[in-house]
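What follows is a structure written as structure tokens; I'll ask about it next.
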Amino acid sequence: MYGYVRPPLEALDEAERLRFQQVYCGLCHTLGRRYGPAARFILNYDFTYLAILLSAPDEGSILHSRCIASPHKKRSFLQSSPAMELAADESVILAYWQLRDGVEDHDWLHGAKYRAASSVLELAYRRAARLRPDFDAAVKTQLSILRQLEKARCASMDQAADAFAVLLERSADQVEDVVQRRVLAQMLYHLGRWIYLIDAADDLKKDAHSGNYNPVALRFDLRDGIWTPESRHLFAQSLDHSVRMIATAYELGNFGCWSKLLESTIYSGLFQVGKAVLDGTFRPRARGIERKRKNVEEST
């Protein structure tokens with residue numbers, strides 16, 4: 001997860017841009033308060049959207065404080081809430097297991113940065129795992145499934161994407177409202193599928209060069225990471241299907257003050273990112289956990 005899930009900020013009014021920034025900063029504060037300063041470095045847009053999806057329809061209290069990123073001027077941020085704490089806990093678990101997977105996927109030398117980063121995050125992970133044992137178990141199970149698919153060099157991109165989609169779907173398990181939990185489960189499943197596939201598409205040329213596993217390349221028999229017109233069209237259709245399923249589920253939920261942010265992202269932002277990835281013009285804006293694959297290239 002590299003910050004693919006992002007709002008089209010240029011299309012939002014000032015109030016909505018500020019609201020998004022307040023959630024972003026609020027999650028950063030929550031990570032720091034619960035897990036220490038190092039945990040703040042896993043923050044990205046994708047985790048911010050997880051916090052928004054899990055939040056109550058009303059905005060909550062806004063606080064003001066200085067921080068590492070803004071030591072001289074106070075910034076406004078959303079006060080921590082049970083939803084924010086859940087998003088922080090799950091973010092730590094996801095980030096830790098992705099780093100550990102990076103250790104296993106590389107030799108001793110190239111795995112050094114993953115060992116170092118996971119060691120820094122280990123105490124935070126242990127606490128998060130105690131707080132969210134079911135989610136931790138689900139993450140380990142789904143990453144194990146992905147590892148087996150990679151070893152088999154499975155050519156089914158849907159099977160590989162499903163494993164990550166189920167992982168993200170489980171993020172909604174602790175939402176109390178039954179209807180909202182079902183809505184979020186569907187949204188997160190298809191969002192997870194979209195993230196996995198868009199990340200695979202973003203890495204096509206890199207994986208072609210390294211020889212690492214990429215289910216999208218295998219599915220369409222791509223050479224040198226280059227799309228054919230037909231394969232690009234079919235893949236775009238698959239991405240669009242996931243976005244439509246996210247939108248269908250979204251319409252059944254209650255998101256209150258977050259509706260404009262979510263709608264702008266679902267109905268515009270995801271399509272913009274998808275097009276940028278396919279055009280080769282996408283540039284990540286934030287760090288975070290990666291799609292579980294053997295060619296993990298960056299750490300939190």
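Nothing in this text is a laboratory measurement; each read-out follows from the coordinates by a stated rule. Keep in mind that this is a model prediction, so the values were computed, not measured. Neighbour counts run over all protein chains shown; Cβ positions are idealised from the backbone, glycine included.
Could you check which residue among 226, 266, 42 shows the biggest mean-square fluctuation in a GNM of the chain with a 10 Å Cα cutoff?
In this elastic network of the chain, the residue with the biggest mean-square fluctuation among 226, 266, 42 is 226.
Now for a separate question. Counting other Cβ atoms within 10 Å, which GluC sites (Glu not before Pro) in the range 1-102 have at most 16 and lie in a DSSP loop?
Those that pass, being in a loop and sparsely packed, are 59.
So, one more: Could you work out how much longer the chain between residue 130 and residue 208 gets when fully extended? Use 0.36 nm per residue separation minus the Cα distance between them, nm to one decimal.
Extending this stretch completely gives an extra 24.1 nm.
Could you check the simple spin-label distance between residue 251 and residue 79, using points 7 Å along Cα→Cβ, in nm with one decimal?
In this crude spin-label approximation the distance works out to 3.6 nm.
Right, another one. At a Förster distance of 30 Å, what's the computed FRET efficiency of residue 241 paired with residue 9, Cβ-Cβ distance as r, to 0.05?
After rounding to 0.05, the efficiency reads 0.70.
Helix 112-131: angle to the longest alpha-carbon principal axis of the chain, degrees 0 to 90, nearest 10?
Tilt of helix 112-131: around 50 degrees.
List 281, 48 from most exposed to least, where exposure is judged by having the fewest other Cβ atoms within 10 Å.
281, 48
Which of the residue pairs 205/275; 113/205; 113/140; 113/260; 151/206 have a Cα-Cα distance greater than 27 Å in the structure shown?
113/260
Run the helix sum for the chain: -39,500 (n - 2.57) per DSSP H stretch of 4+ residues, divided by residue count, reported at 222 nm to the nearest 500 deg cm²/dmol.
-20000 deg cm²/dmol
Relative to the present Cα-Cα distance, how much length would full extension add between residue 148 and residue 267 at 0.36 nm per residue of separation?
Residue separation times 0.36 nm, minus the Cα-Cα distance, leaves 39.4 nm.
Any idea which of 96, 233, 273 is furthest toward the positive side of the dipole for the range 9-279, if Lys and Arg beta-carbons carry +1 and Asp and Glu beta-carbons -1?
So the residue furthest toward the plus end is 96.
Turning to a different aspect of this structure: Just to confirm the filter: which trypsin sites (Lys or Arg not before Pro) across the range 26-131 are DSSP coil and have at most 10 other Cβ within 10 angstrom of their Cβ?
73
For residue 62 and residue 123, what is the calculated FRET efficiency with R₀ set at 25 Å and r taken between the beta-carbons, to the nearest 0.05?
My answer for the efficiency is 0.25.
Additional query: Rank these for me by crowding, 222, 9, going from fewest to most other beta carbons within 10 Å.
Ascending Cβ contact count within 10 Å gives the list 9, 222.
Charges at C-beta only: +1 for Lys and Arg, -1 for Asp and Glu. How large is the resulting dipole of the chain about its Cα centre, in Debye rounded to 20?
Its charge dipole is roughly 860 debye.
Please work out the Cα center distance from the range 5-72 to the range 148-220, rounded to the nearest Å.
About 25 Å separates the Cα centre of the range 5-72 from the one of the range 148-220.
Round to the nearest 10 and give me the degree value, 0 to 90, for the angle of helix 82-104's Cα axis relative to the longest principal axis of the chain.
30
Among 180, 163, 209, which residue has its Cα furthest toward the positive end of the charge dipole of the range 59-214, with +1 on Lys/Arg Cβ and -1 on Asp/Glu Cβ?
The residue sitting most towards the positive pole is 209.
Another question about this same structure. Once the dipole of the range 66-148 is set up with Lys and Arg at +1 and Asp and Glu at -1 on Cβ about the Cα centre, which of 77, 119, 87 lies farthest towards its positive end?
77
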